[in-house]
Structure formats: C-alpha cells, structure tokens
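What follows is a short report on a single structure.
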C-alpha cells in the first residue's frame, strides 16, 4: 500500500497521475432476488476486500441498508471491512440509508436519509464517511447544503454529463477537484467520476479489452501537471456474478474477473508517474490553479444531471418502471402522514427504504409483489385518506363552442370542442392574455406549426395514433357559494373517458384541475398534462426563467435567456423523455420579473415530473411548462400498484409583482 502523501507533496509532483477507484455495493439491486444476496457477498464482495487488502486504498460506497443486509448474512465480512477501513486500505464512501433519488423526494426525506445512514455507519463500522457518492449520480443543486449539514466535505459526481452541459469550463476542470455550488450560495468539495473510465475497467474485467489497451487508455489521461482520474465508480455486483438484468449478459469466464482487475492494479501500481490513492487524498489538489472552481453543475437545458448515457433521464425513477408514479404518490402520502403525526426515526427509516430507486426500475416479479404489500401496509398505517373525486359532468343547454368564465380575480375562455382547453386566461382589466392557446400557423418553424393549447392531456405510444382530450366536452358549469366557478366535463377517448373538474377562483387568478382517467391502465407510452403555454406578448423574453425544488430546501432558478430547452424531447425510439425536474415541494414557477405562472402539484395524488420547452423562432417565442405522468423507457412494464382510476391534481396561478 502506498503511504499517503501530504498536501504539499501531492501538489509538488507535477505531471503525476493520481488514480482513485470506488466500488458501489447494493444488495437492493433491482434484478437480484433476495435469496441470492449471500451469493453476491461471496462472489463479489469478498474478492473486493482482498483487492483492497493488497492494493488499497480504494473507496467502497454502500447504503446503510446494504450494510445492514450484509451484516445479517455475513457479519465476518463486516468485521473485515471495518478492519480495512481502520488500516487505511479502504475509504468508506457514504450515500445515506437508502439509494433514493434525491431530486425526486422532499428535502426532509433527504435529510433523514443522510442522518439515518450516518447512524448505521457509526453503529456497524465505528466511523462516518466524509465523502458521498450522489445516488445514481442524479444531482440537484439543492442537495449541496444537505450533504454539508450531514457532515460531508465532498461529493462524487459524473463528469461526462455535467461537462457536456458546460463547454465553457476549462479543459483541466475534469482532472481536478472543484466545488459544487448550491442555490443558496453554499458549496461543497467535488470529485469527478467518469462513465467512460468505469466502462473501460468493466470491459477489461469481462474480457472485452486486453490489459495493454486498458493501460494505454489510463496513460492517455496524463497531462503536463498533476491530474486525478477516477478509474471506477460503479457496481461491484457485476464481477464474477450476473444480476440477470439483461438477456445479453455474457457468461462468466473460467478466469475470475476480479483476477483481471487485480492484474490491472498490479500494472498501475508500477506505472511511472502514477499513484493509487484514496478519493479523499485528491482533495489535497484543491489549491491547484485550475482546481476549486465554484461550479453549477445543473443548467436550464438539464436541471438534474444523471449518470451514464442519455437513456438515464430523471424520468427513469419518476414516471416509468412498473408504476413509478403510483408508488411515488404512496410514498408522498406516507411522508405527509409522518409529518402530521411527528413520526419517530424508525418510521422515517422505513419510508427511505420504500423510496429506494431499485423498486422503480428492473425489479423482479417476486420483489415487486412483496414491495407492494409492504408499501400498502405502511400506507394504511400512516397515510391520510385522499379526497374523493365527485363528478358532476353532464350536458349544458349551451351549444356554443366557447365558455367564458368570469370571477373577481380572472377571465378565462374555454374551448368545449377541445376538451375545455384554455384559449386565454386574463386578469380583470387587462386585454393581454397571459397563458392560453397559440393557433396553427403562429410560428414559421414547421416543427411548431400546430395548434398549441393550455390545460390539455396527450397520450402517445409507439406506433399508435396519439390519444388526447381535445374532443367535445360534455360540460356542466356551477357557481359556488364563495364565488368560485366550477366546470365539470367528460371527454370520450378510445381507451375510456377522461373526466375533469376545473375550479376558477374568486380570490386569486387561480385554476385548480382535478382529472381522472377512467382507463383500464396507463399503457407503455408518454402521458403529459397541463401544457401551460405562455402568450409571447405577455412576457419580457430576456427575463424569463423557471424555478423549482429538486430535493432541497432552497429554490433553484434557471434563466432562459438565449437558451434552447427541450426537456420532453425523445432520446430514442425507446426513451421518450430527455430531462425533467422533480418539483419536490410541489411547486414550479415560470415567467419574468413582473409576471409569474405558478404551478402547484398535489404530489399525494401523483408527483408529476416537470418539463419545460423554450425556443425563440421566427421572431416569436414558444415557452411551455408540461406535467408528465408517464414516460417510456426500457424499465416501463405496466403493473399497477393500485387498480384505482388514475387521478391527477394540479393548479395554475398567475402572480403579478
């Protein structure tokens, strides 16, 4: 084992290549049955400890849950793991109690997850980590102060995705420690992982790349000055074990894959001007002239960077899977129950487990059924009963296409022929509508030459005609005692009716939507709601921005000037959504410094994913905020958590400064 170097010694070795690696351990891995967890420990985790004994320091990251599961099955492994941490051969990397997706859960849940995880590390290992791997590399800027408050001094985040968003960063940025900046101005140390580098080591281990080719790749990372490169930051379970996720998984060769990794470490240890080090040692390079830069990893075009290739959109854990939207809503209901009843730590621990990412991707049938049963039991204990949907849809005596709604706070025109889409929403005394529709031909750009609406629903599936609610609405209009106007509607579609309640407030420029899909299921495809379309003439285009929460307590703001944003753009025929944002406190706003459109989502009904489109074209502006209830990717396998009709509740309000 190389002796650790002091900070000034690290900085003095110009041209040195500082190599660090960490292995991610996850016994909750979606496609591994619980009965095989002992096999994973034996085949993958024990050889990793041997590697650390001979070639450490290496980093090892695992959740508190995985640590508990290993201890329950093999306490001797935990004992050796603890000893290797004490000897400096292993550096413990943290992530919290469960591998939940930070930008999709409320800040309070993220705080509890980090706190409970630290307690488990302390109990079983006698220490707490000071560096964290961002779960699934799904980064929200609001997480920065939460990690810092939990005692972390640095986080690890994927370079390729963040770097692609920021071509203005100097070239050496990727090879040195930096600082990630939160929305409140706080910052935390930042170390880079690399998708390309970890896949190179995987290919070597799996026999797809010869050792010399791998070594040449590592050598090519050298520069004239000191650099740091993360050799590996991914799963340990894929070496000498196959999780069974993909049909294309190769058979395990007779030669141990861990032995190939050992051979690489033997060569790297002897490589001139290179040294193996612990992740935390790289922080000693923070005083380098191109290190320590305060960086915002996020961008308007991608509010939440994630790991690996573009198929790993935030939608992967929000609105795909078997029934991500359904189980996330159940977790939200439990969360609200825990808040209301001042729950103890054990209840928060269970919620963190239930919100884990692995139940939202390639989970097996047996594990899905067990998970749903466990989730229902917890929900029945903690969750308040949701309000009932009371339909009053029926035909009015009117035959007119448009319905004009007037309250003391707003004027709105609805299009009955288009499912009560909002043609225009105005404030009293103002001629200019703020949101509404844009007619066919408004834009010169052929890709935008369609009718654009506000308040509509669109479902699209591969190879099928889209299904919308842009059909004749059987409508009833009532006035409430408080002056609100309530509109009930039923719209027939090929898959069943869509029923809507729209409440127009008397006290504020606010419309509340309550929408139920009376469909047998939401099949594989994309279901998007709201389509809140800004009227271009109502806004200062240079001052447009949107704001929301992505797992933190502080609002994250994204300027839209000179930006082209296409969150809902398909990545491929298989992946329908490129980016999105979590709205983890249930709110998003879009607008300029005088007029803001506030969107509130009832996350207990359905924690919808936010998508923004923003384009200037042909002398006009297209700017729209959409709410996604379902997207398509390779994890999507419709299997409802509950068989109730799908209900979506959100509100749109105009705020004037």
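Each peptide among 478-490, 296-308 gets the average number of other Cβ atoms lying within 10 Å of its residues, and from highest to lowest they stand as 296-308, 478-490. Counting neighbouring beta carbons within 10 Å and listing from fewest to most, the residues 553, 68 come out as 68, 553.
Spatially, region 411-460 and region 91-140 are offset by 44 Å when compared through their Cα centroids.
If I take R0 = 45 Å and measure r between the Cβ atoms of residue 149 and residue 309 in this structure, what FRET efficiency does the formula 1/(1 + (r/R0)^6) give, to the nearest 0.05? Rounded to the nearest 0.05, the efficiency is 0.90. Please say if region 402-656 is rounded, prolate or oblate, where rounded means a/c under 1.5 for a ≥ b ≥ c the square roots of the C-alpha gyration tensor eigenvalues, and otherwise the choice is prolate for a/b larger than b/c and oblate otherwise? Since a/c stays below 1.5, the shape of region 402-656 is classed as rounded.
Quick one: length gained pulling residue 644 to residue 33 fully straight, 0.36 nm per residue minus the C-alpha distance?
Gain on extension, residue 644 to residue 33, equals 217.1 nm.
Computed extension length for residue 270-residue 402: 39.7 nm, one decimal, from 0.36 nm per residue of separation with the Cα-Cα distance subtracted.
Put simply, when 56-67, 155-166 are sorted by average Cβ atoms within 10 angstrom per residue, most first, you get 56-67, 155-166. Site pair residue 561 and residue 444 shows an inter-label distance of 2.4 nm when each label is modelled 7 Å from Cα along Cα→Cβ.
In this label model, residue 216 and residue 540 are separated by 5.7 nm, measuring between points 7 Å along each Cα→Cβ vector. Per-residue Cβ neighbour counts within 10 Å put 531, 554, 430 in the sequence 430, 554, 531, beginning with the fewest. By the count of neighbouring beta-carbon atoms within 10 Å, fewest first, 226, 505 end up ordered 505, 226. The DSSP beta bridges internal to region 14-299 are antiparallel in roughly 10% of cases.
Helix 324-340 axis versus longest C-alpha principal axis of the chain: approximately 90°, rounded to the nearest ten. Based on C-alpha pairs under 8 angstrom that are at least 6 apart in sequence, region 402-656 has a relative contact order of 18 percent. Taking a ≥ b ≥ c as the square roots of the eigenvalues of the alpha-carbon gyration tensor, region 553-657 is classed oblate because a/c is 1.5 or more while a/b is no larger than b/c. Give the label of the value calculated from the structure for Rg and Dmax of the Cα atoms in Å, choosing from [x] 27.8, 87; [y] 26.6, 92; [z] 26.3, 86. Among [x] 27.8, 87; [y] 26.6, 92; [z] 26.3, 86, the one calculated here is [z]. Global size of region 316-382: 11.7, 34 Å for Rg and Dmax (C-alpha atoms, Rg to one decimal, Dmax whole). Relative to its residue count, region 14-299 spans a Cα convex hull of 132 Å³ per residue.
For residue 507 and residue 50, the difference between the fully extended length at 0.36 nm per residue and the C-alpha to C-alpha distance is 157.8 nm.
In percent, rounded to a whole number, the relative contact order of the chain is 15, using alpha-carbon pairs under 8 Å and six or more apart. Across region 548-647, C-alpha contacts under 8 Å between residues 6 or more apart give a mean separation that, scaled by the residue count, equals a relative contact order of 26 percent. Placing a label point 7 Å from the Cα of residue 336 along the Cα-to-Cβ direction, the residues of region 548-568 with a backbone N closer than 20 Å are 549-553. Projecting label points 7 angstrom from Cα along Cα→Cβ for residue 380 and residue 82 puts them 3.8 nm apart. Look at the Cα gyration tensor of region 29-128: its axes a ≥ b ≥ c give a/c of at least 1.5 with a/b at or below b/c, and that counts as oblate. Considering helices alone, the calculated mean residue ellipticity of the chain at 222 nm is -7000 deg cm²/dmol, with DSSP H runs of length four and up weighted by -39500 (n - 2.57) and normalised per residue. The long axis of helix 107-125 is offset from the longest Cα principal axis of the chain by roughly 20 degrees. Seen against the Cα atoms of the chain and their longest principal axis, helix 365-382 is set at about 60 degrees.
All of the numbers you see were taken from the coordinates with simple rules; none came from a lab. Bear in mind the structure is a predicted one, so any value in this text is a computation, not a measurement. With ideal geometry, Cβ positions are generated from the backbone for all residues, glycine too; neighbour counts draw on all protein chains shown.
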